[in-house]
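The values are calculated or read from the model by the stated rules, or taken from the named source; none is laboratory data. In this text the structure is predicted, and so the values were computed from the model without any measurement. No Cβ is skipped: glycine too gets one built from the backbone with ideal geometry, and neighbour counts run over all protein chains shown. Heads up: the accessible areas ignore ligands, DNA and RNA and are worked out on the full protein's heavy atoms, side chains in. Shrake-Rupley method; radii C 1.70, N 1.55, O 1.52, S 1.80 Å.
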Amino acid sequence: MRNDYAEVFQDTAAVERYEAVEYAPDGYAAAINRRQRAYLRDLVGRSFVARRPVQHDFACGTGRALRALHGMVRGAHGYDSSPAMLAKADDLGALAELHRVDAAGPVPTPVATDSPAIVTVFRLLLNVGDDVRERAIAFAARVLPHQEAGLLVVENHGNRGSARHLRHRRHAGEPWFAELSHEEVTALLARYGFSVVERRGFSLLTRGWYDRRWLRPFATVVDDVATRVPALSRYCVNVLYVARRTAPHVAPPAVHPPHPDATTW
């Protein structure tokens, strides 16, 4: 994994490449994003019947998760350490209050909102160290202090139990080829009193199937079907975990000193 993940996207050119190349139309990431958007909107629609939630998107990047829930939430806040990412999120039309936070140090204080809330943490856990992972879920625990406060949705885009794992020896040591198992994600959430209530996969096949134009239609059909079968999430590359706060913190790591307010961007 990378030790400089936060620094990589401080550069405007890197952010532009990320948006234009990683999420190129008809590509692998764009297909996953389409499925995730549909799933998230359905999740919010069936989970928050009495009142729409407020969204808190930690490490919001260019605002993809924020844009996915436009019209489904009654307010939204995005938090990121990169001014370039936040500027791009604003440029792409994220309907949210955007806040610049420090990349390390004390856990940022979320903007105070009443319940219910939905916290989203996308494309962060895989490529960062344990301290950053702990910080992200500690932030979510501050937004969701009890069971009825709402839901947490986190993404693992490198499931160790997927077909992607077959390449791990060839890519061993490469900073962008990290892996996380379902058990590791579940244990991380449990340390902050979260229990996984739903798990869904969005790509049974790997990126290479989408990079070959003639295979892309077949891969799209297979992964569209896999998304609708929760049991297949065990083997998917890209997975979302939906969790609810069911217990207090369990032996919280030393990332919980006094928390300064986030700085509005």
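With the condition being crowded, with 22+ Cβ neighbours inside 10 Å and without any contact (Cβ under 8 Å) to a residue 24 or more places away in the chain, I'd like the strands (runs of 3 or more DSSP E) fully within the stretch 62-140 carrying at least 2 qualifying residues. Explain how you work it out, then say what you get.
Working: elements: 75-80, 97-100, 117-121.
Result: 75-80.
Taking Thr186 as meeting all but one of (1) open to solvent by 10 Å² or more (accessible area, probe 1.4 Å); (2) closer than 18 Å to Ala38 by Cβ, write down the number of the exception.
Against the list (1) open to solvent by 10 Å² or more (accessible area, probe 1.4 Å); (2) closer than 18 Å to Ala38 by Cβ, Thr186 comes up short only on (2).
Within the stretch 219-251, how many residues turn out to be of a type in the set (Lys, Arg) and buried (at least 17 other Cβ atoms within 10 Å of the Cβ)? Break it down stepwise before answering.
Our first condition is that a residue be of a type in the set (Lys, Arg); within the stretch 219-251, this holds for 228, 234, 244-245.
If we keep only those that are buried (at least 17 other Cβ atoms within 10 Å of the Cβ) too, we end up with 244-245.
Within the stretch 219-251, residues that are of a type in the set (Lys, Arg) and buried (at least 17 other Cβ atoms within 10 Å of the Cβ) number 2.
How many of the residues making up the stretch 141-151 are aliphatic (A, V, I, L, M) and either without any contact (Cβ under 8 Å) to a residue 12 or more places away in the chain or touching a helix residue (DSSP H, G or I) at 6+ places or on another chain (Cβ under 9 Å) (or both)?
Within the stretch 141-151, residues that are aliphatic (A, V, I, L, M) and either without any contact (Cβ under 8 Å) to a residue 12 or more places away in the chain or touching a helix residue (DSSP H, G or I) at 6+ places or on another chain (Cβ under 9 Å) (or both) number 3.
Report yes if some residue within the stretch 43-51 is assigned to a helix (DSSP H, G or I) and open to solvent by 50 Å² or more (accessible area, probe 1.4 Å); otherwise report no.
yes
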